[in-house]
Amino acid sequence: MSLLADGLLILATVSLAVYCMVVSRRLKALGRLDRGMGAAIASLSHRVDEMTSAVATAQKQSVDAVADMTVQTARAEQAAGRLELLLATLHDSRSGTAVPVTRPEKPTPSSFDGSLRDAYKAMKR
């Protein structure tokens, strides 16, 4: 009986040794960087690095685009103001042609002789 128990114990030990060897080989194959899970992890790590640099580039480009759009919007608003002024002068013009708008000249103190009529003319300018 003890011989049978010893034989079963040896058989169980040998089968466990074979099982451990198989598991060890599978784990080594899984961790290799050229195939298996190691390759997948290395590939994903590389892609994460690429995506990080792509996001940083996109953020820089968006900041540049916002600055450019701000400048273009300001220029467009100025042009729209000029167009509105030009349309207003065209509408107010009797001849139907647009007359460029110039700044009114400021009256000089020497042009007044103190009369009410001169003050009224200066206000009409």
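No lab work stands behind these numbers, since they all come straight from the coordinates. Note that the coordinates shown come from a computational prediction; the quantities given were computed from them, not determined experimentally. Glycine gets a Cβ as well: all are built from the backbone with ideal geometry, and neighbour counts include every protein chain shown.
Extending 7 Å from Cα along the Cβ direction at MET1 and again at GLN78 yields two label points whose distance is 10.8 nm. Between LEU8 and ARG47, the contour length at 0.36 nm per residue exceeds the Cα-Cα span by 8.8 nm.
Can you check what the net charge comes to around CYS20, using other residues whose Cβ is under 15 Å from the Cβ of CYS20 (Lys, Arg +1; Asp, Glu -1)?
On the way: positive: ARG25, ARG26, LYS28; negative: none.
Value of the local net charge: +3.
Along the Cα-to-Cβ line of MET37, 7 Å from the Cα, sits a label point; which residues in the stretch 10-30 have backbone N less than 14 Å from it? Under cut-off, by backbone N: 23-30.
Nearest 0.05, what FRET efficiency do ASP64 and LEU27 give at R0 = 35 Å with Cβ-Cβ as r? The partial results should precede the final answer.
Numbers: r = 49 Å, r/R0 = 1.41.
Calculated transfer efficiency: 0.10.
What is the sum of charges, Lys and Arg at +1 and Asp and Glu at -1, for the other residues whose Cβ falls under 14 Å from the Cβ of ALA76?
Working: positive: ARG75, ARG82; negative: ASP68, GLU77, GLU84.
Local charge sum for ALA76: -1.
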